[in-house]
Structures are given as structure tokens and as C-alpha cells.
Amino acid sequence: MIQSNRPQTNDYLPARMLNEFTYCPRLFFYEHVEGVFAHNQETIEGAIRHKRVDAKQDELPSATDLQDTDRPIAARSVSLSSDTYSVIAKMDLLEADGDQVTPVDYKRGRPRELPDGSLDAWDADRTQLAVGALVLRENGYTCDEAVVYYATTKQRVRFAVDEELTAETIRLIEHARRVMEDGVIPSPLVDSPKCPRCSLVGICLPDETNLLIHGEKPEHVIFTLNTTDALNIAIRGIVRPGDHVITTWFDHNSVLRPYNALAEQIQISQTRVSCDPLTGY
């Protein structure tokens, strides 16, 4: 499912969008600037998980009140903003003990394993939680560290929000704003393992776009009338007599009809597999 929800002009950048910017600036541009979003299995599972997390929303006591509290406090789905950096963060969980507040975010996957075997949060997740730390500090709280809970492995990864990470996060906020103001979509990542798992890969078309931009052999690039024409050319150029083709019930007619025609013309065989109606997988 593709949704196009161009956001209203808003000076406050969501922490989640800075996660996307760290992951891939082009993804950030599609989602935050152009308002384009597409679901895949991972985003649906993540949305379901966060729906449970967001079911309960708590108020976080003020920084002054926390100092007078002699017991730990947990507050869920807390939103705070920073006027200094013009960012806003909705934090899944805030764990407070005295004047120390630690943001915790729930992620679908697994942590990054470092060469020495230790675990760390992914860069995009570190950015998102560091934005949360900036927001908390501006609202009077002390925040020196953050935690990411990775659901796949059921592990909590704690890291320091130190001067280096803080400075890098501020730099990313400024960079993201420049990208928004320029209004030019960033180039795709090149040969990145991130792309196949991205829900927007079918919209972004990183390999095809990079071929157009950086292709060494321009004669290998063909401009066609439209997507249907391009698919017909590609399918008829690849499929050979006797081939077996696997398609799905979700494939478009511009894909299925050429295969049906080739089944009669050059005797190819086909298998059409069913898919989950919700996820398409």
C-alpha cells in the first residue's frame, strides 16, 4: 500500500525522521518532504508492535518533581520538543531515577554486533535516541544515556549520549534541514544492503537510478513509452522457450499478460503463488 501524505509546513523535525535521514537521506526526503510512504512486512510488524507500546500514554513529572521523588518512575509514549533545535520526539518509554531520565525505544530487529563480539545500537537508532536526549535536556532533565530494545533478540542495548554523539546529532539535524530547504532529492545509496529491505525500494529504484546517473555504457539505457512498454521489452528479452516462470497474484497485468502470451507463443510454464493479503508476502 502506498500512501502519499505530504506533510504541512512544520519547523519541528520528528526524531523518527532523523532516524530515516541517518539510515538513508533519500528515504527521509521521500517520507518527510514528499510525504510518500509504502508498507512492507517489516513496517507492518513494526507498526503493530508500536501500537501496543503506544496504547498507554503517561505524563512525565517535571524535572523539579523528579528530584523530590524517592522511587523510579516509568512513563510511556511521552512527547517533548526542543525550540533550540526545532525537533520533536515521541519516546516509547522514559525510565526516571532521581533527576536521571533514560529514553528507551523499541525496535523490531536485532542489535549490531561489533568485531569484538559486543553489541551496539545501529547508527540510525542512536541518532533517534540522541534527539530524545537533546529534547529531555532542554526540558530540564538530565539524560546521559539511552537504551534500544531489539525485539527479535529480546536484548536491551545501552549507550552513552556523550559529547561526540550529541555533536554528530546536531550536525545531522542541520544537514537534514538543508536537504529540505534545497528541495532536491538525494542520490540513492550505491550497492547498499539496506536497499532490498527498504519499503520504498520499488519507488526509489536505486539500481536503476544509479545506472542512469553513473552508467558507464549509455547505450545500455533504453527510454520507453511507459512502464508497461518497458516490462514487455524486458520480459520478452529475458524469457526463453521452455522456461518456468513464478509469479504472484499481486503482480500487475503489465507483468502477467506478457507471460501469458509467451506461454502460448514459446511454451513457457508458469506457477502463480498466493500471498498474504495484508503484507503481500
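Tell me which of these Arg137 doesn't satisfy, since it passes every other one: (1) over 30 Å from Leu211 (Cβ atoms); (2) surrounded by 15 or more Cβ atoms within 10 Å (Cβ to Cβ); (3) in contact (Cβ under 8 Å) with a residue 40 or more places away in the chain.
Failed condition: (3).
More than 17 Å from Arg156 (Cβ to Cβ), at pLDDT below 95, in a strand (DSSP E or B) and among the hydroxyl-bearing types (Ser, Thr, Tyr), is that true of Ser77? Please lay out each step first, then the result.
Details: more than 17 Å from Arg156 (Cβ to Cβ): yes; at pLDDT below 95: yes; in a strand (DSSP E or B): yes; among the hydroxyl-bearing types (Ser, Thr, Tyr): yes.
Answer is yes for this residue.
Please go through segment 222-245 and give me each residue that is in contact (Cβ under 8 Å) with a residue 24 or more places away in the chain, closer than 16 Å to Asn260 by Cα and of a type in the set (Val, Ile, Thr), ordered by number. Let's see the steps before the verdict.
The first filter runs over segment 222-245 and keeps only residues in contact (Cβ under 8 Å) with a residue 24 or more places away in the chain, leaving 227-228, 231-232, 235-236, 239-245.
Narrowing the set further to residues that are closer than 16 Å to Asn260 by Cα leaves 228, 231-232, 235-236, 239-245.
The answer is Thr228, Ile235, Val239, Val245.
Taking the stated definitions as given, is Pro115 out of contact with any Lys or Arg (no Cβ under 6 Å at 6 or more places or on another chain) and either surrounded by fewer than 20 Cβ atoms within 10 Å (Cβ to Cβ) or closer than 18 Å to Glu168 by Cβ (or both)? Break it down stepwise before answering.
Numbers: out of contact with any Lys or Arg (no Cβ under 6 Å at 6 or more places or on another chain): yes; either surrounded by fewer than 20 Cβ atoms within 10 Å (Cβ to Cβ) or closer than 18 Å to Glu168 by Cβ (or both): yes.
Taking the combined requirement at face value, the residue satisfies it.
Taking segment 265-281 on its own, how many of its residues are modelled with pLDDT under 85 and either out of contact with any Phe, Trp or Tyr (no Cβ under 7 Å at 6 or more places or on another chain) or not in a loop (DSSP other than H, G, I, E, B) (or both)? Steps first, answer last, please.
Step one: list which residues in segment 265-281 are modelled with pLDDT under 85, which gives 275-281.
The next check asks that each one be either out of contact with any Phe, Trp or Tyr (no Cβ under 7 Å at 6 or more places or on another chain) or not in a loop (DSSP other than H, G, I, E, B) (or both); those that pass are 276-279, 281.
Adding up the residues that qualify gives 5.
Is it the case that Tyr106 is surrounded by fewer than 21 Cβ atoms within 10 Å (Cβ to Cβ) and within 23 Å of Tyr12 (Cβ to Cβ)?
yes
Run down Arg126, Arg112 and say which single residue is within 20 Å of Ala89 (Cα to Cα) and modelled with pLDDT of 95 or more. Show your work before the answer.
Values: Arg112 fails: within 20 Å of Ala89 (Cα to Cα).
Only one candidate passes the filter, namely Arg126.
Might you let me know whether segment 145-164 holds any residue that is in contact with a Gly (Cβ under 7 Å, 6 or more places away or on another chain) and modelled with pLDDT of 95 or more? Give the derivation first.
Step one: filter segment 145-164 for residues in contact with a Gly (Cβ under 7 Å, 6 or more places away or on another chain), giving 146, 150, 152.
Those left that are additionally modelled with pLDDT of 95 or more: 146, 150.
Taking every residue of segment 145-164 in turn, at least one turns out to be in contact with a Gly (Cβ under 7 Å, 6 or more places away or on another chain) and modelled with pLDDT of 95 or more.
Could you say whether any residue in segment 224-245 is loosely packed, with under 10 Cβ neighbours inside 10 Å and of a type in the set (A, V, I, L, M, F, W, C)?
Filtering segment 224-245 for residues loosely packed, with under 10 Cβ neighbours inside 10 Å gives 225-226, 237-238, 240-242, 244.
Pick out the ones that are also of a type in the set (A, V, I, L, M, F, W, C) and you get 225, 238.
Yes - at least one qualifying residue is present in segment 224-245.
Ala121 fails exactly one of the following numbered conditions: (1) without any contact (Cβ under 8 Å) to a residue 60 or more places away in the chain; (2) among the hydrophobic types (A, V, I, L, M, F, W, C); (3) more than 30 Å from Ser187 (Cβ to Cβ); (4) surrounded by 14 or more Cβ atoms within 10 Å (Cβ to Cβ). What is the number of that condition?
The number of the failed condition is (3).
Scan (1) within 26 Å of Tyr12 (Cα to Cα); (2) of a type in the set (D, E, K, R); (3) over 15 Å from the mean Cα position of the chain (by Cα) for the single condition Asp97 breaks and write down its number.
The one condition Asp97 does not meet is (1).
Show me the strands (runs of 3 or more DSSP E) entirely contained within segment 143-258 in which 2 or more residues are of a type in the set (Val, Ile, Thr). Walk me through how you get there before you give the answer.
On the way: elements: 145-150, 155-160, 244-248.
Per the criteria, 145-150, 244-248.
Just checking, how many residues over segment 108-142 are β-branched (Val, Ile, Thr) and part of a strand (DSSP E or B)? Can you show your working first?
Kept after step one, since they are β-branched (Val, Ile, Thr), are these residues of segment 108-142: 127, 131, 135, 142.
Next cut, part of a strand (DSSP E or B) only: 142.
Of the residues in segment 108-142, 1 are β-branched (Val, Ile, Thr) and part of a strand (DSSP E or B).
Show the residue pairs that are 6+ apart or on different chains and have beta-carbon atoms under 9 Å apart, the first residue being within segment 28-44 and assigned to a loop (DSSP other than H, G, I, E, B), the second being at pLDDT 80 or above and not polar (S, T, N, Q).
Glu34/Ile185; Asn40/Arg197; Asn40/Cys198; Asn40/Leu200; Asn40/Val201
Conditions: (1) over 26 Å from Ile44 (Cα atoms); (2) free of Cβ contacts under 8 Å to residues at least 40 places away in the same chain; (3) surrounded by 12 or more Cβ atoms within 10 Å (Cβ to Cβ). Thr169 meets all but one. Number of the miss?
Single failed check for Thr169: (2).
Taking the criterion of being over 25 Å from Lys90 (Cβ atoms), in contact with a Phe, Trp or Tyr (Cβ under 8 Å, 6 or more places away or on another chain) and either buried (at least 17 other Cβ atoms within 10 Å of the Cβ) or modelled with pLDDT of 95 or more (or both), would at least one residue in segment 200-219 satisfy it?
Filtering segment 200-219 for residues over 25 Å from Lys90 (Cβ atoms) gives 201-219.
From what is left, the residues that are in contact with a Phe, Trp or Tyr (Cβ under 8 Å, 6 or more places away or on another chain) are 203-204.
Among the residues that remain, those that are also either buried (at least 17 other Cβ atoms within 10 Å of the Cβ) or modelled with pLDDT of 95 or more (or both) are: 204.
So far as segment 200-219 goes, yes, one or more of its residues are over 25 Å from Lys90 (Cβ atoms), in contact with a Phe, Trp or Tyr (Cβ under 8 Å, 6 or more places away or on another chain) and either buried (at least 17 other Cβ atoms within 10 Å of the Cβ) or modelled with pLDDT of 95 or more (or both).
Taking the conditions exactly as written (polar (S, T, N, Q), out of contact with any Cys (no Cβ under 7 Å at 6 or more places or on another chain) and closer than 20 Å to Asp11 by Cα), does Ser82 satisfy them or not? Steps first, please.
Values: polar (S, T, N, Q): yes; out of contact with any Cys (no Cβ under 7 Å at 6 or more places or on another chain): yes; closer than 20 Å to Asp11 by Cα: yes.
It is true that Ser82 is polar (S, T, N, Q), out of contact with any Cys (no Cβ under 7 Å at 6 or more places or on another chain) and closer than 20 Å to Asp11 by Cα.
The values are calculated or read from the model by the stated rules, or taken from the named source; none is laboratory data. This structure is a prediction, so every number in the text was calculated from the model and none was measured. Please note: Cβ atoms are built from the backbone with ideal geometry, for glycine as well, and neighbour counts cover all protein chains shown.
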